[in-house]
Amino acid sequence: MKEYVAIIAAVVAGLFTIISAFIVWKLAHKTSESAREQAKEDAKFNEKKALYVKTHELYESAIKCTKNYNNNHLSELFSKLTAEINLIASDDVAKQYFYVADLFQDWIPLYLKAFPAPIKIGEYSCNIIIQSPDPTLKYKQPEKEAYEKFYSSYEELIKLMRIELASA
């Protein structure tokens, strides 16, 4: 029986070594898999965050450009942003984005009617309104209401984006 003790001890030690190596391999595999998943989640979060910052930035720029009568390049920028929103944003944010975009499109023509672009004379711009009843007066109140509705919806969009980023 004493002869078998050494053999049994060697077999048990060998099995223990094999089992330990297998457990270490499984743990290492699980850790690297978790790291890959975390990196993937981080990349998705960063992509969504960049999109939401870009959305906020573009709307602020669009408001300024509209008030400065310089909307030439906005259509292309909004087209690209809309495609990204469709692909990356959550359903709630996308729905609110499209609602805000529609309100923005409704506000622009009212703004341009209520506040016509100044006439450029050389390097200077000036507003010349000589007509007694102001022809823009009938557009000022609808423009104000449209802007308030647009901007409150825009603020709601920002709130939704912040909530989504905070919960991720």
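No value in this document is a laboratory result; all are computed from the given coordinates. All values reported here derive from a predicted model rather than from experimental measurement.
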Q | Against the rule of thumb 2.2 N^0.38 Å, how large the Cα Rg of segment 1-83 comes out | A | 2.59
Q | Members of Lys40/Lys159; Lys30/Lys80; Lys64/Lys149; Lys48/Lys140; Lys40/Lys80 lying beyond 29 Å, as alpha-carbon distances in this model show | A | Lys30/Lys80; Lys48/Lys140
